[in-house]
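*Asks:* Here's a structure for you.
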Amino acid sequence: MAHYVTCVYCKNKFDRDKEPTIQVSARRYAHEECAKKHEENKSQEEKDLEALEKYIMNLFDEPYINARIRKQIKDFKKEYNYTYSGMLKTLIFWFEIKGNSIDKANGGIGIIPFIYNDALKYYYSLYVAKLANENKNIEEYKPKIKEIEIAPPKVEAKKIKLFHFNDEEE
Ligand SMILES: [Zn+2]
């Protein structure tokens, strides 16, 4: 007899007697593979939260995350769908790159929603600049090297003369 259940993660129906299954709770099941993936994702998110909390504790020089900041983190995630790593990057952008003082922070991270998009733009422009540099390496630097290799010594000599001539004229 088949036991059809719905995977809580991928929402597909499957026979729990035939496929590797994890029982999530009393009457909820998941593919073993889907549950594994979920755990991996969850632990990455947990790591991101840990990094964010560590940064905030350093920022305010406190050994713990107070209830107010804990609530702010929770609210920003829920209301604006911000990620923990996005919030961390936003704080780094505001306090380290923009050099703002924590004196105006009032012991909280309420600044995040006001600058999240600016921070995002900043990191995006860095990313684009990096891509542009990578293209430059291929398109500009390579042909130059080729030109020198191919050019016969005579042409090189002419080029040098031409430069001298121009220099004298100036
Ligand atoms: Zn599944």
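*Asks:* Quick one: how many residues across the stretch 24-39 are in contact (Cβ under 8 Å) with a residue 24 or more places away in the chain and part of a helix (DSSP H, G or I)?
*Replies:* First pass over the stretch 24-39, keeping only residues in contact (Cβ under 8 Å) with a residue 24 or more places away in the chain: 29, 31, 34-35, 37-38.
Checking the rest, the ones that are also part of a helix (DSSP H, G or I) come to 34-35, 37-38.
Counting residues in the stretch 24-39 that are in contact (Cβ under 8 Å) with a residue 24 or more places away in the chain and part of a helix (DSSP H, G or I) gives 4.
*Asks:* Kindly indicate whether A35 is farther than 19 Å from P113 by Cβ and more than 16 Å from the ligand (Cβ to nearest atom). If you could, list the steps in order and put the result at the bottom.
*Replies:* Values: farther than 19 Å from P113 by Cβ: yes; more than 16 Å from the ligand (Cβ to nearest atom): no.
Criteria not met by A35.
*Asks:* Does A30 meet the test of being within 16 Å of the ligand (Cβ to nearest atom), at pLDDT 95 or above and either surrounded by 13 or more Cβ atoms within 10 Å (Cβ to Cβ) or within 29 Å of the chain's Cα centre (by Cα) (or both)?
*Replies:* yes
*Asks:* Which residue out of K74, K78, K42 is closer than 30 Å to I111 by Cβ, free of Cβ contacts under 8 Å to residues at least 24 places away in the same chain and within 16 Å of the ligand (Cβ to nearest atom)?
*Replies:* After ruling out the rest, the residue left standing is K42.
*Asks:* Could you check the stretch 1-27 and list, in sequence order, the residues that are within 13 Å of the ligand (Cβ to nearest atom) and of a type in the set (A, V, I, L, M, F, W, C)?
*Replies:* V5, C7, V8, C10, F14, I22, V24
*Asks:* If you go through the stretch 54-65 one residue at a time, do you hit one that is exposed (fewer than 14 other Cβ atoms within 10 Å of the Cβ), part of a loop (DSSP other than H, G, I, E, B) and within 13 Å of the ligand (Cβ to nearest atom)? Break it down into steps so the answer makes sense when it comes.
*Replies:* Let us first name the residues in the stretch 54-65 that are exposed (fewer than 14 other Cβ atoms within 10 Å of the Cβ), namely 54, 58, 61-64.
Next, from what is left, pick out any that are part of a loop (DSSP other than H, G, I, E, B): 61-64.
Now narrow it down to the ones that are within 13 Å of the ligand (Cβ to nearest atom): none.
No; the residues of the stretch 54-65 include none that is exposed (fewer than 14 other Cβ atoms within 10 Å of the Cβ), part of a loop (DSSP other than H, G, I, E, B) and within 13 Å of the ligand (Cβ to nearest atom).
*Asks:* May I ask you to verify whether D17 is without any contact (Cβ under 8 Å) to a residue 60 or more places away in the chain, of a type outside the set (S, T, N, Q) and closer than 29 Å to L126 by Cβ?
*Replies:* On the way: without any contact (Cβ under 8 Å) to a residue 60 or more places away in the chain: yes; of a type outside the set (S, T, N, Q): yes; closer than 29 Å to L126 by Cβ: no.
No, not satisfied.
*Asks:* Could you grab me the full set of residues in the stretch 106-129 that are outside any loop (DSSP other than H, G, I, E, B), without any contact (Cβ under 8 Å) to a residue 24 or more places away in the chain, within 23 Å of N81 (Cβ to Cβ) and not hydroxyl-bearing (S, T, Y)? First the steps, then the outcome.
*Replies:* Filtering the stretch 106-129 for residues outside any loop (DSSP other than H, G, I, E, B) gives 112-129.
Then drop every residue that is not without any contact (Cβ under 8 Å) to a residue 24 or more places away in the chain, which leaves 114, 117, 121, 124-129.
Next, from what is left, pick out any that are within 23 Å of N81 (Cβ to Cβ): 114, 117, 121, 124-127.
Once the filter is applied, which keeps residues that are outside any loop (DSSP other than H, G, I, E, B), without any contact (Cβ under 8 Å) to a residue 24 or more places away in the chain, within 23 Å of N81 (Cβ to Cβ) and not hydroxyl-bearing (S, T, Y), the stretch 106-129 yields F114, N117, K121, L126.
*Asks:* Residues in the stretch 88-97: is at least one outside any helix (DSSP H, G or I) and either modelled with pLDDT under 95 or among the basic types (K, R) (or both)? Full working, then the answer.
*Replies:* Of the stretch 88-97, the ones outside any helix (DSSP H, G or I) are none.
Checking the stretch 88-97: not a single residue is outside any helix (DSSP H, G or I) and either modelled with pLDDT under 95 or among the basic types (K, R) (or both).
*Asks:* Taking the condition of a type in the set (G, A, S) and surrounded by 15 or more Cβ atoms within 10 Å (Cβ to Cβ), does S43 pass? Even if it seems obvious, please write down each step before you answer.
*Replies:* On the way: of a type in the set (G, A, S): yes; surrounded by 15 or more Cβ atoms within 10 Å (Cβ to Cβ): no.
When the stated conditions are applied, S43 does not pass them.
*Asks:* For the stretch 66-80, what are the residues that are buried (at least 16 other Cβ atoms within 10 Å of the Cβ) and over 17 Å from the mean Cα position of the chain (by Cα)? Spell out the reasoning first.
*Replies:* Step one: filter the stretch 66-80 for residues buried (at least 16 other Cβ atoms within 10 Å of the Cβ), giving 69, 72-73, 76-77.
Within the stretch 66-80, I69, Q72, I73, F76 meet the criteria.
*Asks:* Which residues, taken from the stretch 68-126, are of a type in the set (G, A, S) and closer than 20 Å to E50 by Cα?
*Replies:* Of the stretch 68-126, the ones of a type in the set (G, A, S) are 85-86, 99, 101, 105, 107-108, 110, 119, 125.
Answer for the stretch 68-126, where residues must be of a type in the set (G, A, S) and closer than 20 Å to E50 by Cα: S85, G86, G107, G108, G110.
*Asks:* Filter the stretch 81-117 for residues that are among the charged types (D, E, K, R) and surrounded by 13 or more Cβ atoms within 10 Å (Cβ to Cβ) and give the result. Don't jump to the end; show me each part of the working.
*Replies:* Going residue by residue through the stretch 81-117, those that are among the charged types (D, E, K, R) are 89, 96, 98, 103-104.
Scanning the stretch 81-117 gives a single hit, K89.
The values are calculated or read from the model by the stated rules, or taken from the named source; none is laboratory data. Since this is a predicted model, take the numbers as computed values, not measurements. Every residue, glycine among them, receives a Cβ derived from its backbone with ideal geometry; neighbour counts consider all protein chains shown.
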